[in-house]
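The structure appears right after this line, and notes come after that.
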Amino acid sequence: MKTVAELSRDLASKKISSVELTKHYLDRIKKFDKTLNAFITVTEDQALENAKKADEKRAKSAAGPLTGIPLAQKDIFCTLGVKTTCGSKILDNFISPYDATTVQKFNDAGLVLLGKTNMDEFAMGSSNENSFYGPVKNPWDLERVPGGSSGGSAATVAAGLAPAATGTDTGGSIRQPAALCGITGLKPTYGRVSRYGMIAFASSLDQGGLMTRSAEDAALLLNVMAGFDEKDSTSVDKPVPDYTKKLNNSIKGLRIGLPSEFFNQGLDADVAKVVQAAIKEYEKLGASVHEIHLPNTKLSIPAYYVIAPAECSSNLARFDGVRYGYRCKNPQDLEDLYKRSRSEGFGAEVKRRIMIGTYALSAGYYDAYYLQAQKVRGLIRQDFSKAFEKVDVILGPTSPTTAFKIGEKTADPISMYLSDIYTIAVNLAGLPGMSIPCGFAKNLPVGLQLIGNLFSEEQLLTAAHNYQKVTDWHTKQPEGF
Ligand code: GLN
């Protein structure tokens, strides 16, 4: 399975055309997606047409480095004229009338959309079992979850149904599935990538990013995806560097922080061993390792499960059966229309969160819950700023365990929520984070998490690329695909 960087060279040297490449991936989707259930929509005709256009551009030497590269988009990004469901029955009939900025940017750069990937409904979940379209299977073990909510994108890239895909990360949804599927995931700083046209879950936490086979690929794609967007009021107007430029810089002297809270009893012993070996590798590369503390880590899940549901209860009010999406049959009156459209259109987890959020925001409870949670969020941010006075990058496991069995945690939402114990604080603080493959525990991939200070994507990518130059975990492929 080739990386985007390799494919880009093959396209440039005319070793392969975009039409050939696109057909190759469409064939693989046809062959393997019955097993994996990673796609909700495959845009075959459109993909072949766009691949043809990309080849014409190349013939006229009017191509950019990524012109003609196939890409899968998480089905949370609105795509003009294409079904955009967000994994929900309530949007099962929704054809988007516009492109998300991210989609637009990749189209403008000549990438070829292969289709839309499966995901937990409205990105709420850590296992992809909350999708209206059924669970996604982990290509490393078909009885196991790929992680969530960007599980469709993770399985797609791991099984080679696309060379790269987009994801979104509100509490870990890029990094955790990347870890569980043995690929590279990058969640940029909040505000680095536009949220326009990315269906909102929790607006102060949501961030789009990338799921790729290598850090180099993430850098190539971030060059396209990052940047200010006047259509997103939280997007940050800061110049976008060429993220590939410093990839090969040495990391000698890089100060790595290991938070003691990430290596406690909740961490699977086999995962811990693999992560420790990765830390040794970093030391060999010349980095220094320091113990640090993020004392409020344990409060991140409770704070998140007030803030995220509060924001989602407000964001999801727009799905009311009136303007777009699912509408119940034969409503008796307006209230019946709202009630039944929403009751029939949303799944159980989404309803649970809307109820928690509505409760937390209601008069009399706001101060006790939402305000408190925002204060905790401030403390978590401070933990990180203190840590970054002493270290450049924070390192640890992405997930406390490897991929768990389908059905294993569905009856126990709290244990499901704990899958994100190492990722959620990063979103609360708005920081960039990555997950890179660093080995296997009982034949299942383990992810190493790298957390950087605000807008330090370049440094994170350099740290990840240096590791990938001396290890081959990111090149491993699941058998049978
Ligand atoms: N698993 C977390 C949740 O269920 C995070 C999801 C996400 O990052 N979109 O909310």
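Points worth noting:
- Members of the range 422-450 that are more than 16 Å from the ligand (Cβ to nearest atom) and in a strand (DSSP E or B): 436, 437, 438, 439, 440, 441, 444, 445, 446, 448, 450
- Pick from the range 247-276, criterion in contact with a Ser or Thr (Cβ under 7 Å, 6 or more places away or on another chain), among the charged types (D, E, K, R) and over 23 Å from residue 216 (Cα atoms), ranking: surrounded by the most Cβ atoms within 10 Å (Cβ to Cβ): 261
- The range 16-43 - residue that is surrounded by fewer than 21 Cβ atoms within 10 Å (Cβ to Cβ) and among the aliphatic types (A, V, I, L, M) and, of those, nearest to the chain's Cα centre (by Cα): 42
- Residue match in the range 405-421 (condition: under 26 Å from residue 469 (Cα atoms), outside any helix (DSSP H, G or I) and within 14 Å of the ligand (Cβ to nearest atom)): no
- Scanning the range 206-218 for residues that are within 23 Å of residue 96 (Cα to Cα) and away from the ligand (no atom under 14 Å from the Cβ) turns up just one, 210.
- Selection of first residues in the range 119-133 that are farther than 16 Å from residue 94 by Cα and more than 10 Å from the ligand (Cβ to nearest atom) and of second residues that are modelled with pLDDT under 95 and polar (S, T, N, Q), restricted to Cβ pairs under 8 Å at least 6 apart or on distinct chains, gives the following pairs, ordered by first then second residue: 129/410.
- Whichever residue in the range 164-175 is over 8 Å from the mean Cα position of the chain (by Cα) and within 9 Å of the ligand (Cβ to nearest atom) and, among such residues, is nearest to residue 222 (Cα to Cα): 170
- Residue in the range 295-306 that is over 23 Å from the mean Cα position of the chain (by Cα) and under 30 Å from residue 352 (Cβ atoms) present: yes
- Being in contact with a Pro (Cβ under 6 Å, 6 or more places away or on another chain), farther than 21 Å from residue 400 by Cβ and outside any helix (DSSP H, G or I) holds for only one residue in 209, 286, and it is 209.
- Within the range 11-29, tally of residues that are touching a strand residue (DSSP E or B) at 6+ places or on another chain (Cβ under 8 Å) and over 22 Å from residue 96 (Cβ atoms): 3
- Residue in the range 310-349 that is nearest to the ligand (Cβ to nearest atom), counting only those that are free of Cβ contacts under 8 Å to residues at least 40 places away in the same chain and among the hydroxyl-bearing types (Ser, Thr, Tyr): 343
- Residues in the range 13-52 that are closer than 15 Å to residue 136 by Cα and in a strand (DSSP E or B): 39, 40, 41.
- Residues in the range 393-424 that are buried (at least 18 other Cβ atoms within 10 Å of the Cβ) and either closer than 20 Å to residue 289 by Cβ or basic (Lys, Arg) (or both): 393, 394, 395, 396, 397, 398, 409, 422.
- Sole residue being touching a Pro at 6+ places or on another chain (Cβ under 8 Å), in a loop (DSSP other than H, G, I, E, B) and not acidic (Asp, Glu), chosen from 247, 186, 267: 267
- Hits in the range 134-154 - residues which are over 19 Å from residue 400 (Cα atoms), touching a Ser or Thr at 6+ places or on another chain (Cβ under 8 Å) and within 16 Å of the ligand (Cβ to nearest atom): 135, 152, 153
- Among the residues of the range 189-205, those identified as assigned to a loop (DSSP other than H, G, I, E, B), within 14 Å of the ligand (Cβ to nearest atom) and farther than 20 Å from residue 240 by Cα are 199, 200, 201, 202, 203, 204, 205.
- Filter result for residue 106 (in contact with a Lys or Arg (Cβ under 6 Å, 6 or more places away or on another chain) and away from the ligand (no atom under 14 Å from the Cβ)): no
- Of all residues in the range 21-53, those being touching a helix residue (DSSP H, G or I) at 6+ places or on another chain (Cβ under 6 Å) and among the aromatic types (Phe, Trp, Tyr) number 1.
- If you filter the range 445-467 down to residues that are buried (at least 22 other Cβ atoms within 10 Å of the Cβ) and small (Gly, Ala, Ser), you find that the one that is nearest to residue 283 (Cα to Cα) is 463.
- Residues in the range 289-306 that are at pLDDT 95 or above and not hydrophobic (A, V, I, L, M, F, W, C): 290, 291, 293, 295, 296, 300, 302, 304, 305.
- Qualifying residue in the range 114-123 (condition: of a type outside the set (A, V, I, L, M, F, W, C) and over 19 Å from the mean Cα position of the chain (by Cα)): no
- Any hit, the range 78-94, residues being touching a Pro at 6+ places or on another chain (Cβ under 9 Å), in contact (Cβ under 8 Å) with a residue 60 or more places away in the chain, in a loop (DSSP other than H, G, I, E, B) and closer than 30 Å to residue 13 by Cβ: no
The values are calculated or read from the model by the stated rules, or taken from the named source; none is laboratory data. Model, not experiment: these values are computed from the prediction. Quick reminder, even Gly has a Cβ in these numbers, built from the backbone with ideal geometry, and neighbours come from all protein chains shown.
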